[in-house]
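Q: Structure incoming, see below.
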Amino acid sequence: MAQSLIGGLIASGYNKQNIIATDPTEAQRNSVTQNFGIHCLADNAEAIQRSDIVVLAVKPQVLESVCHSIADAVQAKKPLIISVAAGIRSDDINRWLGSNTAIVRTMPNTPALIQTGATGLFANTFVSNEQQSQAEHILRAAGITVWVDEEAKLDAVTALSGSGPAYYFMFMEAMEQTAQTLGLDEKTAHLLTLQTALGAAKMALESHQDCATLRKNVTSPNGTTERAIQSFENAGLHQIVENAMKAAQTRAQELADELGGKA
Ligand SMILES: NC(=O)C1=CN([C@@H]2O[C@H](COP(=O)(O)OP(=O)(O)OC[C@H]3O[C@@H](n4cnc5c(N)ncnc54)[C@H](O)[C@@H]3O)[C@@H](O)[C@H]2O)C=CC1
Ligand SMILES: O=C(O)[C@@H]1CCC=N1
């Protein structure tokens, strides 16, 4: 996720001299430097000393220990903290970092790498208006941004746009594999699947009509689409999607409860 954000920032013209990454793994540091031409350090405290904004992009499972290890540096420098960790609540991050820390909790997604990301953001009470604009500026470099008024809504954002790219990739995988069983070669199946996904998303974005109307426009009476849609409905597609997204939201809440500890 950090690489997607770094890639998005650089592609949108952000000065790479102003970006420092950190990673404990030497191979990972070398790869980041090679891919993006930015400094990648092993020492988090050193990077924090040199930064006004710190993005925490480690796995939720290691966030607590990382926060404890950087707490002194954060209290000394008082940077704006931006977390991308799924589930973990800003109150827990604040407690792990000491206290009174300005934290913007976000939920971006991997298309940030090509500046078509979608990020939900929530600011805790210590975030100033200027810091809120700074966080928005950084995440906007990676795509669209949406602020939520209650932190719990970020778990719904996680289930929708955070995890969402994987749902579409899975659907595209299924379409291209099926196209091959219907007789198309792999390259043709891949190309037509991707262009169809792009065309549908672009059309939905640019149209004044809602997705249901656009779907109905494709569906000729007693035609091919109608048969396919009927087949999806018979299989309970809406319920399948609802179950999956609720499972993702629940997992985000579980991560917070399991890893956030009790205040
Ligand atoms: N992958 C995705 O689509 C999204 C991920 N997220 C969140 O982003 C966070 C990272 O997820 P991924 O990028 O998928 O994981 P990842 O495993 O690809 O990246 C985590 C990186 O953190 C590094 N790391 C571990 N300990 C460190 C430390 N002490 N200091 C500095 N770096 C350290 C690891 O070496 C690794 O390169 C997670 O909290 C996840 O919930 C949020 C939105 C979308
Ligand atoms: O799967 C995950 O936990 C992360 C958060 C959203 C997308 N990937």
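Just so it is clear, none of the values below were taken in a lab; they were calculated from the coordinates. Only a predicted model underlies this, so the values are computations on that prediction, with no experimental measurement involved. Cβ sites come from the backbone with ideal geometry, for glycine too, and all protein chains shown count toward neighbours.
Q: Of 245, 107, how do they rank once you tally other Cβ atoms within 10 Å and put the fewest first?
A: By the 10 Å Cβ count, ascending: 245, 107.
Q: Return a whole-number percent for the relative contact order of the chain, with Cα pairs under 8 Å and 6 or more residues apart as the contact set.
A: Values: 345 pairs, mean separation 45.5, N = 263.
The value is 17 percent.
Q: Sticking with this one: Quick one: length gained pulling residue 247 to residue 77 fully straight, 0.36 nm per residue minus the C-alpha distance?
A: That pair, residue 247 and residue 77, stretches by 57.3 nm at full extension.
Q: Nearest 5 percent is fine: what portion of the DSSP beta bridges confined to the chain is antiparallel?
A: Details: 4 of 19 bridges.
Here the antiparallel bridges make up roughly 20 percent for the chain.
Q: By per-residue mean of other Cβ atoms within 10 Å, what is the highest-first order of 178-190, 42-54? Intermediate results must be reported in sequence, preceding the final value.
A: On the way: 178-190: 12.3, 42-54: 15.3.
Per-residue Cβ counts within 10 Å, averaged per peptide and sorted highest first, yield 42-54, 178-190.
Q: Taking springs between alpha-carbon atoms closer than 10 angstrom, which of 218, 32, 66 fluctuates most in the Gaussian network model of the chain?
A: Largest GNM mean-square fluctuation: 218.
Q: What residues from segment 45-61 fall in the zone where the backbone N is under 18 Å from a label point 7 Å along the Cα-to-C-beta line of residue 20?
A: Once the point is set 7 Å along Cα→Cβ of residue 20, 45-58 turn out to lie under 18 Å by backbone N, inside segment 45-61.
Q: May I ask you to derive the FRET efficiency for residue 210 and residue 91 from their Cβ-Cβ distance with R0 = 51 Å, giving the value to the nearest 0.05? Please list the in-between numbers first.
A: Values: r = 37 Å, r/R0 = 0.73.
Here the calculated transfer efficiency is 0.85.
Q: From a point 7 Å beyond the Cα of residue 53 in the direction of its Cβ, which residues of segment 99-141 have a backbone N at a distance under 12 Å?
A: Inside the label zone: 104, 130-141.
Q: Counting every Cα pair in the chain, what percent are over 25 Å apart?
A: In whole percent, the long-distance tail amounts to 53.
Q: With each pseudo-label sitting 7 Å past Cα toward Cβ, what's the residue 149-residue 195 distance in nm, one decimal?
A: Between residue 149 and residue 195, the simple spin-label model gives 4.5 nm.
Q: Which entries in 16/77; 153/202; 59/246; 59/187 show an alpha-carbon gap greater than 30 Å?
A: Going by Cα-Cα distance, 59/187 fall outside the 30 Å limit.
Q: Now a separate question. Rg(Cα) of segment 164-252 divided by 2.2 N^0.38 Å? The partial results should precede the final answer.
A: Working: Rg = 14.7 Å, N = 89, 2.2 N^0.38 = 12.1 Å.
This ratio for segment 164-252 stands at 1.21.
Q: What value in Å³ per residue do you get for the convex hull of the alpha-carbon atoms in segment 77-156? Can you show the working numbers first?
A: Details: hull volume 7.2 nm³, N = 80.
Convex hull of Cα atoms, per residue: 89 Å³.
Q: To continue, here is another question. Between the helical axis of 129-140 and the dominant principal axis of the chain, each derived from Cα atoms, what acute angle in degrees is found, rounded to the nearest 10?
A: 40
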